[in-house]
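The values are calculated or read from the model by the stated rules, or taken from the named source; none is laboratory data. In this text, all values refer to a predicted model and were calculated from it rather than measured experimentally. Neighbour counts are summed over all protein chains in view; Cβ atoms, including those assigned to glycine, are modelled from backbone coordinates with ideal geometry. We work out accessible area using only protein heavy atoms, side chains counted, and drop any ligands, DNA or RNA first. Shrake-Rupley method; radii C 1.70, N 1.55, O 1.52, S 1.80 Å.
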Amino acid sequence: MTTEKNSGGGKTKMKHISNGKYICVHGHFYQPPRENPWLETVEVQDSAAPYHDWNERITAECYAPNGASRIVNTKNQITRIVNNYSRISFNAGPTLLSWLEEYAPRAYRAILQADTISRSRFNGHGSAIAQVYNHIIMPLATERDARTQIRWGIADFERRFERRPEGMWLAETAVNRATLDLLAQEGIQFTILAPHQCARIRPMHDGPKWTDTPNDTVDTTRTYRVPLENGRSIAVFFYNGPVSRAIAFEGLLNSGDNFANRLLGEFASVPDTQVTGHLIHVATDGESYGHHHKYGEMALSYALHLIEQGDVASLTNYGEFLEKFPPAFEAEVVEDSSWSCAHGIERWRSDCGCNSGHPTWNQKWRGPLRDALDWLRDAATDLALSTAPAIYHDLWQARDEYITLLHDRSRENQNAFFSRTATHPLNDDERCLALRLMEICRQSLLMYTSCAWFFDEISGIETAQVLAYAARLIQLSEHVSTQAGRQMEIEFLRRLALAPSNLPEIGNGAEVY
């Protein structure tokens, strides 16, 4: 038996029930980068009123309350204050954590402390997992960009949580075999996917026969091993789809009792043939707990409290469960699939029909937007590669290490960065050029943040944000080569003009830019 000091100073007992039944709740806590790319600060966002911006609003409604969530009795008296993050599995996007660190330090500390607490609760396995850096759709990324997203995500995690991540969250759970192989190459042990993303399974020691798993029929209570290239592999957890949907969209968080009973009731459907290691686990946006559903963090606290006090199942996280119950089955994933698009990954490149509530609008702008950004990325890459040999041994190695400067821009840290990456001691002009090249690389990653394609209209704040990154990239390119930069903008605007807005007064993507 272990104990945890809660936020109120008392101790909460945690029971380990040796019947092989476990429950894990995963929260994907994330906000896209919102900073003005020239000022590196978030400007006022009127749609978030009365708050300054959406980060501030959602922090007040979700991120901070989950670090100090109230459990109340039947008289609505507070009996305990708990850190929800310490009892669940979670990932927090690096761009969100960067903002929280500066503007909401108390909520930030609660998230870091939760991982430390969870390591004591769950046999050395912290509940935090990493995330690809700025939430790009990995199957649509170049291999080089995808690798940097993983490496930056790992480096950011290590700086904050002071350990290597065991798992990594993929943006929109968008996946293909190549993405999983990149995760495995970087030492990631597991990821979390939707049940419909499982294509087929087979027992690991029962020959080559596969069983297809259409229509979410995969047994989500098991862990699966996905075999990859050159003997590599990665574990995958396919979450419980019906309960996750009920949390996100069907009001399950209206009652902590109902939430707990729904999770515990799922054990009734566990196949009799599975003797040990039953895992009932769910995954939703973490913002469900307080932002999308008012007081959702309290429903979560109370549900976890009821489960802990009962004798049916134990709480766990994915790292602990994977150690206790290594995969006995292999799986293959559905190529180019995600958790939020019925058409795979088309939501981020085509007018697939997925939208967020404007049925008379179309999203014919999605394809031209991606095509324009792809062209701009390639043009900027050519410019950077032609310029970099005068500065860097290897542009891509320097870009992978640039995350260290994003964490600490001090002169001393710059000197250490250049000592590792530059071909010779740099004078001030060369240092300026070197940093511009790195910022060109950074902006080219930020402009693929997935939210730009998710919603209905190209003039929305999410799409305007990535176009601001594109504009900053072009400006930086002009400083490197005036002619090349100006030609980039002319061609980029020509391509953006092919992306139609649903609003006559906007016209097209060039006008948004």
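Annotations
- Both numbers refer to the Cα atoms of the range 35-151; Rg and Dmax are 17.1, 57 Å.
- In sequence order, calculated HN-Hα J values of the range 335-347 (Karplus, 6.51, -1.76, 1.60; Hz; x Gly/Pro): 4, 6, 10, 8, 8, 10, 9, 5, 10, x, 10, 5, 4
- Report summary: the helix-based calculation at 222 nm, which adds -39500 (n - 2.57) for every DSSP H run with n ≥ 4 and divides by the residues of the chain, gives -12500 deg cm²/dmol.
- Average Cα contact separation per residue, the range 368-453, under 8 Å, 6 or more apart, as relative contact order %: 36
- Amide hydrogen neighbours beyond the local backbone of GLY27, cut-off 5 Å, H modeled: SER89, PHE90, ASN91
- Taking a ≥ b ≥ c as the square roots of the Cα gyration tensor eigenvalues, the range 198-289 comes out prolate, since a/c reaches at least 1.5 and a/b is larger than b/c.
- Nearest 10 degrees, 0 to 90: helix 482-496 Cα axis against the chain principal axis: 60
- Judged by the mean number of other Cβ atoms found within 10 Å, the most tightly packed of the peptides 456-464, 73-81, 94-102, 157-165 leads the ranking 94-102, 456-464, 157-165, 73-81.
- The value obtained for the range 311-363, namely the Cα convex hull volume divided by the number of residues, is 159 Å³ per residue.
- ³J(HN,Hα), Karplus 6.51/-1.76/1.60, whole Hz, each residue of the range 21-31, x for Gly, Pro: 9, 9, 10, 9, 10, 10, x, 9, 8, 7, 9
- Taking the C-alpha atoms only, the angle from helix 256-265 to the longest principal axis of the chain is near 80 degrees.
- Distance between the range 329-379 and the range 470-513 - C-alpha centres, whole angstrom: 21
- Remark on the range 369-513: ratio of C-alpha radius of gyration to 2.2 N^0.38 Å is 1.14.
- Taking all protein chains together and rolling a 1.4 Å probe, ARG494 ends up with roughly 130 Å² accessible.
- Cα shape, the range 255-348, gyration tensor, a/c 1.5 rule: oblate
- Helix 94-103 and the longest principal axis of the Cα set of the chain meet at an angle near 90°.
- The calculated pair-distance distribution of the range 346-442 uses every alpha carbon pair, bins of 10 angstrom beginning at 0, and gives 14, 36, 19, 17, 12, 2 percent.
- Members of LYS21/LYS209; LYS294/LYS364; LYS294/LYS324 lying beyond 31 Å, as alpha-carbon distances in this model show: LYS294/LYS364; LYS294/LYS324
- Across every direction, the projection of the convex hull enclosing the Cα atoms of the chain has a mean area of 25.1 nm².
- Equivalent-ellipsoid semi-axes of the range 436-489, from the Cα gyration tensor, Å, largest first: 24, 12, 6
- The distance from the alpha carbon centre of the range 16-84 to that of the range 194-218 is 35 Å, rounded to a whole number.
- For the range 32-75, GluC sites (Glu not before Pro) are listed when DSSP marks them as loop and at most 16 other Cβ atoms sit within 10 Å of their Cβ; the list is GLU40, GLU43.
- Taking the DSSP bridge list for the chain and keeping only pairs wholly inside it, about 45 percent are antiparallel.
- Ordering of 337-349, 200-212, 302-314 by packing [mean C-beta count within 10 Å, highest first]: 337-349, 302-314, 200-212
- Using θ = phi - 60° in the Karplus curve 6.51 cos²θ - 1.76 cosθ + 1.60, the 3J(HN,Hα) couplings for the range 196-208 round to 6, 8, 8, 8, 6, 9, 7, x, 5, 10, 10, x, x Hz; x is entered for Gly and Pro.
- The H on the amide N of SER340, modeled in the peptide plane, is under 5 Å from the matching H of no residue at least 5 residues off or on a different chain.
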